[in-house]
């Protein structure tokens, strides 16, 4: 196998490697027919040969070693939901954050043309995705923000979300480990339909993709298919806005298109945002 384990490029780019639908804890097996190293399930029985980098030069048929995908973990840090019209809200962190962690915050509000922002008690630098806004009344917005933690944050530190005018406001925060802060996918959608259909993302392998929604009125939110819900709630202002944040780790390169069911057809806005794995 022609790759340098210290070079940082990984084995996927080697000319004699052919990956297909990688899964966690698979093994890399050499196939004489194709003259390629291929990913496969760990055999259920039999001895596992010990493979060193020197062994790889001989490439015996059926020899293999374990291939691990990047370890990406996502944990909810808390949420804020306004109980009446307001211009700001605070999420109090439920756990500490270390340098190198990433934080994703989704912000949700009622109204149109509302300017949203995120800050925190330790002065992190925040970047944002595109605002998703419904084009017809009743209006709602959804937008996601991302920060790479440069200064440790403690449990009890705060993230402040704000809107430029008085109204309903909701927000969700998540700790992400094992990804880069760079936004590699950013898409928005809005419709009056059931279910909520998040904007389709063509994700790279091991990309962590986040999905945020805001829905007008008092719809009852049902199951989310194709993603894991991190947090959900309802913000009260001049109207109630259901909102939530979900995520999915792409295990292969391809399209992600999760949905969230509602009990009735109502106007919604949704955003998708992807972060590259480290």
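Structure values in brief
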read-out	value
Yes/no for residue 88 being at pLDDT 95 or above and assigned to a strand (DSSP E or B)	yes
Of all residues making up the range 187-227, the number that are part of a loop (DSSP other than H, G, I, E, B), surrounded by fewer than 21 Cβ atoms within 10 Å (Cβ to Cβ) and within 14 Å of the chain's Cα centre (by Cα)	6
Selected residue [modelled with pLDDT of 90 or more and farther than 15 Å from residue 277 by Cβ] from 209, 200, 184	200
So residue 134, is it at pLDDT 95 or above and either assigned by TED's automatic domain parsing to the domain that holds residue 236 or touching a strand residue (DSSP E or B) at 6+ places or on another chain (Cβ under 6 Å) (or both)	no
Selection within the range 91-119 - surrounded by fewer than 19 Cβ atoms within 10 Å (Cβ to Cβ) and over 20 Å from residue 131 (Cα atoms)	92, 94, 95, 96, 98, 99, 100
The range 128-148, residues that are touching a residue at least 24 places away in the same chain (Cβ under 8 Å) and either assigned to a strand (DSSP E or B) or in contact with a helix residue (DSSP H, G or I) (Cβ under 6 Å, 6 or more places away or on another chain) (or both)	132, 133, 140, 141, 142, 143, 144, 145, 146, 147, 148
Test set (1) closer than 23 Å to residue 99 by Cβ; (2) under 13 Å from the mean Cα position of the chain (by Cα); (3) modelled with pLDDT of 95 or more - residue 179 fails condition number	(3)
Selection from the range 91-119 of residues that are more than 21 Å from residue 271 (Cα to Cα) and modelled with pLDDT of 95 or more	92, 93, 94, 95, 96, 97, 98, 99, 101
Number of the exception - residue 258 against (1) under 29 Å from residue 20 (Cα atoms); (2) touching a residue at least 60 places away in the same chain (Cβ under 8 Å); (3) surrounded by fewer than 21 Cβ atoms within 10 Å (Cβ to Cβ); (4) more than 11 Å from the chain's Cα centre (by Cα)	(3)
Count of the range 149-171 residues which are free of Cβ contacts under 8 Å to residues at least 60 places away in the same chain and in contact with a strand residue (DSSP E or B) (Cβ under 7 Å, 6 or more places away or on another chain)	2
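The values are calculated or read from the model by the stated rules, or taken from the named source; none is laboratory data. What you are looking at is a predicted structure, and each value in this text was computed from that prediction instead of being measured. Glycine gets a Cβ as well: all are built from the backbone with ideal geometry, and neighbour counts include every protein chain shown.
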